[in-house]
1. Stretch residue 37-residue 10 to full length: gain in nm at 0.36 nm per residue minus the Cα-Cα span?
2. How high is the relative contact order of the chain, in percent, with contacts defined as C-alpha pairs under 8 Å that are six or more residues apart?
3. Do you know the relative contact order of the range 21-66, to the nearest whole percent, from alpha carbon pairs under 8 angstrom that are 6+ apart?
4. How about the range 43-90: which trypsin sites (Lys or Arg not before Pro) there are in a DSSP loop, with at most 14 other Cβ atoms within 10 Å of their Cβ?
5. Rounding to the nearest 20 debye, state how big the charge dipole of the range 2-103 is about its Cα centre with +1 on each Lys and Arg Cβ and -1 on each Asp and Glu Cβ.
6. Report the number of Lys pairs in the range 1-89 whose alpha-carbons are under 13 Å apart, with separation of 8 or more residues or on distinct chains.
7. Just in the range 1-97: which GluC sites (Glu not before Pro) are loop by DSSP and have at most 14 other Cβ atoms within 10 Å?
8. Working from the pairwise distances between different alpha carbons, so that the mean of 1/r is found and then inverted, what is the chain's Kirkwood radius in Å?
Amino acid sequence: MLKETYKANTKNLPKGSMIIEVTRVKRHPLSPSWKLLKEYKEGRITWEDYVRRFKNEMDNDLCRNVMKEIKEMSKNIDLYLVCYEKTYPCHRFLLIDMINQME
């Protein structure tokens, strides 16, 4: 099952869980660009702008393939997308929706 959590909470996950750190620091392909992240963190764009632009950044073959792999893996194990934000808003929530909507 596909789930999410924040980095500081990964020690509390059930044994056998898999984590994928979808952070910019780890240079994961499903992380937002530095530019997008910075503009949002500095308050220069709204969350709605961030969502639109993030989805646009994810609209490529590499990201779609990674999302498909994650969806497939999550059928057999508890798989957690991990980032730094403790609560919503965070791109990992967007990713879960995007991955769950994939065919």
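1. That works out to 7.5 nm of additional length.
2. 50
3. 34
4. Here the trypsin sites (Lys or Arg not before Pro) that fit, given the DSSP loop and packing criteria, are 44, 75, 86.
5. 380
6. 4
7. For GluC sites (Glu not before Pro) across the range 1-97 that sit outside H, G, I, E and B with at most 14 neighbouring Cβ atoms in 10 Å, the list reads 42, 85.
8. Answer for the chain: a Kirkwood hydrodynamic radius of 14.0 Å.
Every number here is computed from the coordinates shown, using simple stated rules; none is lab data. The model shown is predicted, which means the values in this text are computed figures rather than measured ones. Positions of Cβ are generated from backbone atoms using ideal geometry, with glycine treated the same way; all protein chains shown enter the neighbour counts.
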